[in-house]
Structures are given as structure tokens and as C-alpha cells.
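Each value in this text was obtained by applying a stated rule to the coordinates, not by laboratory testing. In this text, all values refer to a predicted model and were calculated from it rather than measured experimentally. Cβ placement follows ideal geometry from the backbone for every residue including glycine, while neighbour counts extend to all protein chains displayed.
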Amino acid sequence: PVAIPKGVETTLSDTAISVKGSKGNLNLDLHELVGVSQEGEELKVAAKNQTRQAGALAGTFRSLINNMVIGVS
């Protein structure tokens with residue numbers, strides 16, 4: 001999970017995520033094998049199926065989203 005600190009807003013759609021904070025805005029298009037959901041003050045990144053590629057992409061996108069949150073806060 002990716003923790004969302006105070007002052008950071010996230011916007012999710014089926015194909016993209018947007019992160020807005022005091023230092024700016026960042027957007028990322030999601031891969032079709034990766035799903036993101038928000039639960040409270042955390043973002044959960046999960047593979048949409050059980051393939052090796054989907055698992056690898058889920059980990060990569062979790063890191064990318066975490067870096068986006070750090071970058072705008």
C-alpha cells in the first residue's frame with residue numbers, strides 16, 4: 001500500500017491516476033493489467049490476474065505511485 005499524507009489529493013479513474021500536492025500535479029496512465037483502489041488514506045495496487053507479468057507490473061506501478069506522492073508533498 002501507498003500511504004497518502006495530509007495535503008495530497010488523489011484522483012483515480014479506470015485508466016489513470018492523478019496526484020496533487022503543494023509542489024504540483026503528476027499524472028500516470030495505468031497498465032491494463034494493474035488496478036488501483038483507495039481505502040482510507042492508502043492506495044492499494046494489485047494485479048488484475050495471476051500472471052508473472054501482472055505481478056511485476058503491479059510492483060512497478062506501486063513504486064511509481066509512491067514516488068509521485070513523495071514528489072508532490
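Look at where the Cα atoms of the range 45-65 and of the range 1-35 average out, and the two centres are 15 Å apart. GNM on the chain, C-alpha springs below 10 Å: top fluctuator among Ala58, Ala46, Ala16? Taking springs between Cα atoms under 10 Å, the residue moving most is Ala16. Annotation: for a label point projected 7 angstrom from Cα along Cα→Cβ of Ala3, residues of the range 25-50 with backbone N closer than 20 Å are 37-46. For the chain, the longest principal axis of the alpha carbon atoms and the long axis of helix 52-72 meet at an angle near 0°. If a spin label sat at a point 7 angstrom from the Cα of Asn27 along the line to its beta carbon, the backbone N atoms of the range 39-73 nearer than 20 Å would be those of 61-62, 64-73. Note that the chain carries a Kirkwood radius of 12.2 Å, evaluated over its alpha carbons pair by pair.
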